[in-house]
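The values are calculated or read from the model by the stated rules, or taken from the named source; none is laboratory data. Bear in mind that the values here come from a model prediction, so they are computed numbers and not experimental data. Reconstructed Cβ throughout: ideal geometry from the backbone, glycine too, with neighbour counts over all protein chains shown. These accessible areas exclude ligands, DNA and RNA; they are computed on the full protein's heavy atoms, side chains included. Shrake-Rupley method; radii C 1.70, N 1.55, O 1.52, S 1.80 Å.
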Amino acid sequence: IRSKSAQSLDGRTAMASGESYWITGNKARADVQYWRGRSGAIITGVETVLQDDCQLNFRPEKLSKKHRIISDKYIVNQPIRVIVDSQLRTPLDAQILNHPAQVLIATAVEDEVKINQYIKSGIAVKSMRAANGLVDLQQLCRYLGMHEINEVLIESGATLSGGFLAAGLIDEIIVYTAPVLLGSSGRPLFQINIEEMSKRHHIEITSIKSFGKDQR
């Protein structure tokens, strides 16, 4: 399970309004396609869908020349897009639902009438309610593993990414850093509460690589 984010030099992933188009350059965004292509599933949150009307599909034509050569080794099908949507707020006309067979909505709702609106459109909905009334992220990861999805990419906002991190579910963090400043009111990389230095998360850096002006 990998978390992928793009941030400014001061650790912000978007403006306070949610605007984030684009923090990084073309070469860094092309590298993201490699990670999407080798993943069995891409997880995002409903807030990202509502804010960006994203597609989160793999685009092989955007790959770097190096990765185009080896792309067949990893890519067979488009990854499943998983939307973490506790209250089923995903619009039925959202771009991410253009290919409904490739989408799973993980929700905390158990209302069959509400769920059937999506099922009638060919969209799989799985209720995974946790004790806090939100989606049970551990159950979601177990569900994907049971369906032989062995590589997962999280592309979401700070709240959902922070939820995965707090639950100890992230194995790798991929961060693209651009040489720009977005200011202290911008949105953070992870929404997590750490109030003591002794509780900080230690990260082992395994590689640093440049893509144009950006670094991964």
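See the values below:
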| read-out | value |
| --- | --- |
| FRET efficiency, 1/(1 + (r/R0)^6) with R0 45 Å, evaluated for K120 and L181 via beta carbons | 0.45 |
| Spatially proximal lysines relative to K114 (Cα-Cα < 19 Å; intrachain offsets below 8 disregarded) | K126 |
| Between the range 165-201 and the range 74-126, the Cα center-to-center distance that results, in Å | 28 |
| Amide H within-cut-off set for A41, under 5 Å, with H built and near neighbours excluded | I80, E151, L153 |
| Sequence of D31, D52 from largest to smallest accessible area, 1.4 Å probe | D52, D31 |
| Gyration tensor (alpha-carbon) shape descriptor, the range 85-132, a/c threshold 1.5 | prolate |
| Accessible solvent surface per residue of the chain, calculated while the other protein chains remain in place, 1.4 angstrom probe, Å² | 57 |
| Ranking by accessible area, most exposed first, for F58, F190 with a 1.4 Å probe | F190, F58 |
| Over the range 90-135, relative contact order from alpha-carbon pairs under 8 Å, at least 6 apart, % | 41 |
| Cα-based Rg and Dmax for the range 18-162, where Dmax is the largest Cα-Cα distance (Å) | 15.5, 48 |
| Portion, in percent, of the accessible area of the chain that falls on carbon or sulfur, probe 1.4 Å | 49 |
| Exposure ranking of M128, M15 by accessible area [1.4 Å probe, largest first] | M15, M128 |
| In Å², nearest 10: area of K27 left accessible to a 1.4 Å probe | 140 |
| Packing-based ranking, highest mean first, of 140-153, 203-216 given that Cβ atoms within 10 Å are counted | 140-153, 203-216 |
| Extension gain from A166 to S210, taking 0.36 nm per residue of separation minus the Cα-Cα distance | 13.0 nm |
| Summed residue charge, Cβ within 10 Å of D214's Cβ, Lys/Arg positive, Asp/Glu negative | +4 |
